[in-house]
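For reference, the structure is listed below as structure tokens.
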Amino acid sequence: GLVIPPGTAVLAKHFNTASTSLVCQTGEVRANVFRTSVGTGSTLHSSGYPLDDTPNARTYTVGSGFVGNTSPVGTDQIQLWLGDATPNASGYGVRYLLNAGTPSLQYWSPVGSLQNLNTTPFLLRGRGQFIKRHQATAPLNLVMPLPWEPAAALPVLP
């Protein structure tokens, strides 16, 4: 019965690697924008929607206050637990915020690559990520827009 607030993630270690466990997730799909805060240092974070996400959809941008550079050293990072993709693996896959000064060169990229991941849905539903903000002195307050168009109201019948 542990209630986990929206936008928060947990990291659980299953010690019996010979078996698997199911985790039941329940909740409601929100009908409004999602407001969240990304703290200073490392924050274990998740989405407010049950959908795979992109950094752009979550407003993880230079314009929102994330800090990038031309090298992964000292930039804001998204760290993905490798055990989510490969059972019993350990360690993190790192995406860093490349910022070479112009908007066309401000994007999330895997370390060792220049691939633009801003619109790639690598932030998977039901999974958490560490957001590491190297130079942050204050939390970022983000507003994630609805990832769908709300349905039009049904007409009232006489």
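The values are calculated or read from the model by the stated rules, or taken from the named source; none is laboratory data. What you see is a predicted model, and the numbers here were worked out from it, not measured in a lab. Cβ atoms come from the backbone with ideal geometry, glycine included; neighbour counts cover every protein chain shown. All accessible areas refer to the heavy atoms of the entire protein, side chains included, with ligands and DNA or RNA removed. Shrake-Rupley method; radii C 1.70, N 1.55, O 1.52, S 1.80 Å.
When the chain is fully extended, how far beyond the present Cα-Cα distance does TRP148 get from VAL111, taking 0.36 nm per residue of separation?
10.2 nm
So, counting K/R as plus one and D/E as minus one, what does the shell of residues with Cβ under 15 Å around PRO50 add up to? If you can, show how the numbers build up before the last one.
Values: positive: ARG30, ARG58, ARG125, ARG127; negative: GLU28, ASP52, ASP53.
Overall, the nearby charge balance is +1.
Expected output is a single nm value to one decimal: the length gained when fully extending between ALA89 and THR26, i.e. 0.36 nm times separation in residues minus the C-alpha distance. What is it? Intermediate values should be presented prior to the final figure.
Details: separation 63, 0.36 × 63 = 22.68 nm, distance 2.70 nm.
Stretched out fully, the ALA89 to THR26 stretch lengthens by 20.0 nm.
Which of rounded, prolate or oblate describes the stretch 85-158 when judged by the alpha-carbon gyration tensor and an a/c cut-off of 1.5? Let's see the in-between values first.
Values: a/c = 2.24, a/b = 1.71, b/c = 1.31.
Prolate is the answer for the stretch 85-158, as a/c is 1.5 or above and a/b outweighs b/c.
What order do ARG35, ARG58 take when sorted by accessible area (1.4 Å probe), most exposed first?
Details: ARG35 170, ARG58 0 Å².
Largest accessible area first, the residues go ARG35, ARG58.
With a cut-off of 14 Å, note down the residues of the stretch 121-158 whose backbone N falls inside the zone around a label point 7 Å from the Cα of VAL33 toward its beta carbon.
Only 141-148 fall inside the zone, counting backbone N under 14 Å.
Any idea of the accessible area per residue across the stretch 52-158, 1.4 Å probe, to the nearest Å²?
Working: 6090 Å² over 107 residues.
About 57 Å² of surface per residue is accessible.
Explain nothing, just the number: relative contact order of the chain, from Cα pairs under 8 Å at least 6 residues apart, as a whole percent. Write out the running numbers ahead of the final one.
Values: 272 pairs, mean separation 53.5, N = 158.
It rounds to 34 percent for the chain.
May I ask you to list the chymotrypsin sites (Phe, Trp or Tyr not before Pro) in the stretch 1-79 that are in a DSSP loop and have at most 10 other Cβ atoms within 10 Å of their Cβ? All intermediate terms of the calculation are to be shown ahead of the outcome.
Working: sites: PHE15, PHE34, TYR60, PHE66; in loops: PHE15, TYR60, PHE66.
In loop regions of the stretch 1-79 (DSSP not H, G, I, E or B), the sparsely surrounded chymotrypsin sites (Phe, Trp or Tyr not before Pro) are PHE15.
Of the accessible area of the stretch 56-97, with the probe set at 1.4 angstrom, what percent is carbon plus sulfur?
Values: 1050 of 1910 Å².
The C+S portion of the solvent-accessible surface of the stretch 56-97 is 55 percent.
Collect residues whose amide H, placed 1.01 Å from N in the peptide plane, falls under 5 Å from the amide H of HIS134; neighbours closer than 5 in sequence don't count.
ASP76, GLN77
First check a/c for the chain, with a ≥ b ≥ c the square roots of the eigenvalues of its C-alpha gyration tensor; if it is under 1.5, answer rounded, and if not, answer prolate when a/b is larger than b/c or oblate otherwise.
Working: a/c = 1.90, a/b = 1.13, b/c = 1.68.
It comes out oblate by the Cα gyration axes.
Mind putting a number on the dipole of the stretch 1-82 about its Cα centre? Charges go on the C-beta only, +1 for Lys and Arg and -1 for Asp and Glu, and I need it in Debye to the nearest 20. Please report the intermediate quantities before stating the final value.
Working: 4 positive and 4 negative charges, 24 e Å.
Result for the stretch 1-82 is approximately 120 debye, rounded to the nearest 20.
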